[in-house]
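First comes the structure, then the notes that go with it.
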């Protein structure tokens, strides 16, 4: 009888876990930390790597894929003309439908940006020129839209918007980093503004917001970078209560430039920041903060401040109290840092991984070389770099395989500047 009473709880937990394995429905995955467990991947690859299930041509760009159910979603781009939300079949790669809207003009490093956020009924995307759309998956049409650039002001930076929305209950949250608002929450179904934060002290760069909980309070954390040599801008990492936009706390010690890597939640007390343009130079930095709450006040404490390693493009992954990241200082190298800020090892020989992305699946790291697109299977260890597999799926002479990776239903989705590839990590 007691076992029967616990059965609904067990079923609920099983369903939640199963949904997470099936859906990589946003930037950095279901928990927005580039990590997933109990996925059942094969831990040893054959000499020529895992099997490629399919590939499809994509336009130039850096927009990563997301998945929901048996579908893949990618914001593609016709350079200089339009943004294209594409829906592909996860099993075959065949395009099922697309939604296209005009977006004239181009930016440096032209092409797509951002990762779509998806639920059962809708897709939310932000294009490189600031267009946010909510698209109905049944009608394949836009339900509502805004242009974040024109709505909130400011200049379009040379690399445009690189922004992946957060959906929280009835809200969709983005960071336009404009003249009149830094972070904004819209009603996810109507597009009506629910709250707008103050203007951030930095400029419009390329960080997406992070959702965390400190002191029992759900909050949106945003990294805002300055422009070097501009006395009108300063750095800040700032937190807003997720339902109201009330400012909770800020940290001003990062001193970064043109940030791309978002803040990483370690647990309910620690927050990790990393960057590779620090202190007026192209130098790395990684900072671990402790965030606690006393009464209505939040206290911020630096647990470590490491200037030996920092990631420019992608956030680190964390495993067994160690931090693994593609450090984009000089030289470019994968690095392991302890939770007290010490460098455990640096991989100084090739591959350098450049600005490639990495994810952790079942306690194994898959790291993509940002120069040639190769993927490497790595066993995380504080003792040193341990590669256990490698595969090559790209032969383009174009570099810049810089997009975030995605994984769902046993399948890895990786891309370069010309194609998106689906790799089977279960049935080798």
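Rule-based calculations on the coordinates, nothing more; no lab input. Predicted, not measured: the structure shown is a model, and the values here were computed from it. With ideal geometry, Cβ positions are generated from the backbone for all residues, glycine too; neighbour counts draw on all protein chains shown.
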Rounded to the nearest 0.05, what FRET efficiency is calculated for residue 247 and residue 281 with R0 set to 25 Å and r the Cβ-Cβ distance?
-> 0.25
Percent antiparallel among DSSP beta bridges confined to the chain, nearest 5, equals 95
Rule-of-thumb check for segment 79-152: C-alpha Rg over 2.2 N^0.38 Å?
-> 1.13
P(r) of the chain over all Cα-Cα pairs, 20 Å bins starting at 0, rounded to whole percent, reads 27, 61, 12, 0
Taking only C-alpha pairs under 8 Å that are 6+ residues apart, what is the relative contact order of segment 15-167 in percent?
-> 19
Length-normalised contact order for the chain - Cα pairs under 8 Å, 6+ apart - percent = 14
Along each of the three principal axes of the Cα atoms of segment 167-237, give the extent in whole Å, ordering the values from largest to smallest.
-> 40, 29, 18
In whole percent, the Cα-Cα distances of segment 38-111 spread across 5 Å bins from 0 upward as 3, 13, 20, 19, 16, 13, 8, 5, 3, 0
Segment 321-414, Cα convex hull volume normalised per residue, Å³ = 102
Percent of Cα-Cα pairs per 5 Å bin, from 0 to the last occupied bin, for segment 229-317, please list those.
-> 3, 13, 23, 25, 18, 12, 6, 1
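Going by average Cβ neighbours within 10 Å, how do the peptides 379-392, 190-203 rank, with the highest at the top?
Result, highest mean first: 190-203, 379-392.
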For residue 293 and residue 348, compute 0.36 nm times the residue count separating them, minus their Cα-Cα distance, and round to one decimal in nm.
-> 15.7 nm
Sort the following peptides by mean Cβ neighbour count (other Cβ atoms within 10 Å, averaged over residues), highest first: 91-97, 173-179, 237-243.
-> 173-179, 237-243, 91-97
Quick one: Debye curve from the C-alpha atoms of segment 84-199, no solvent, what's log10 I(q)/I(0) at q = 0.12 Å⁻¹?
-> -0.42
